[in-house]
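To start, the structure under review is shown below, and the notes come after it.
The values are calculated or read from the model by the stated rules, or taken from the named source; none is laboratory data. Being a predicted model, the structure only gives us computed values, none of them experimental. Note: ideal-geometry Cβ built from the backbone for every residue, glycine included; neighbour counts use all protein chains shown. Calculation scope for accessible area: heavy atoms of the full protein, side chains included, ligands and nucleic acids excluded. Shrake-Rupley method; radii C 1.70, N 1.55, O 1.52, S 1.80 Å.
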Amino acid sequence: MIKRYFNCRDLVVIGVFAASVKVVTMIIALAGGGLNPISLILKNLVYTTLLVVLLYKVRKTFALTLFSAVGALVSFMLLGGGITTVPASILSAFACEILILLTGGMKRFYAPVLGVFFYDFISKSMSLFVSYIMMRETPGVIVMVVGIVLVGYIGSLCGLFTGVYCARELRHASIINR
């Protein structure tokens, strides 16, 4: 009998989190009305919080990469676009998985927070680089985009703390067992 690395429960949790993260952040973006700074911060806060909780629930290597791939697929099916962000997302997730392995693996208490921090940082940096390559004729647009991404990144940094808090509370409720 072949022992599988991800069991059914882990795959379902990753899929449900990937879909719910996309749907909830899309609802926040639509309710917030475009480039509203509050909705940008809230959207990134919810995304990062749920991602930290997911990685505390499924503490296996390559869970972040699988989440990124499923999230990209859900995003492509929901929005029809966004195919240009898929390589940046998957490559940054894979790079963060390697970084987590180099710092002791997913069993360390800080691994989910470290992974999500660098995943957000690398994926946003790679997306900004792709945007710069596509818009290099008009650098003024990139300055505005960097400002928008930095406002959203405030929510990502706050989401790290709220994710740890939520994971701690879910551990007390015996939803997260490890």
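Here are some notes:
- Nearest-10 value in Å² for the accessible area of Leu79, using the 1.4 Å probe: 110
- Note on the chain: helix-only mean residue ellipticity at 222 nm, from DSSP H runs of 4+ residues weighted -39500 (n - 2.57) and normalised by residue number, equals -27000 deg cm²/dmol.
- When the chain is treated as a Gaussian network with alpha carbon springs shorter than 10 Å, the biggest mean-square fluctuation among Ile41, Ile28, Ile83 belongs to Ile83.
- Residues of the chain: accessible area per residue with a 1.4 Å probe, Å²: 57
- What the Cα atoms of the chain give is an Rg and a Dmax of 16.4, 59 Å.
- The chymotrypsin sites (Phe, Trp or Tyr not before Pro) found in the range 68-144 that occupy coil by DSSP, while having at most 13 further C-beta atoms within 10 Å, are Phe109, Tyr110.
- Distance between the range 163-178 and the range 116-133 - C-alpha centres, whole angstrom: 29
- Charge dipole of the chain about the Cα centre (unit charges at C-beta), most positive-ward option of Met135, Tyr56, Val116: Tyr56
- Of all the options Leu42, Leu55, Leu30, the one that moves most in a Gaussian network model of the chain with Cα springs shorter than 10 angstrom is Leu30.
- Taking the accessible area of the range 74-136, probe 1.4 Å, and keeping the other protein chains in place, the carbon and sulfur fraction comes to 78%.
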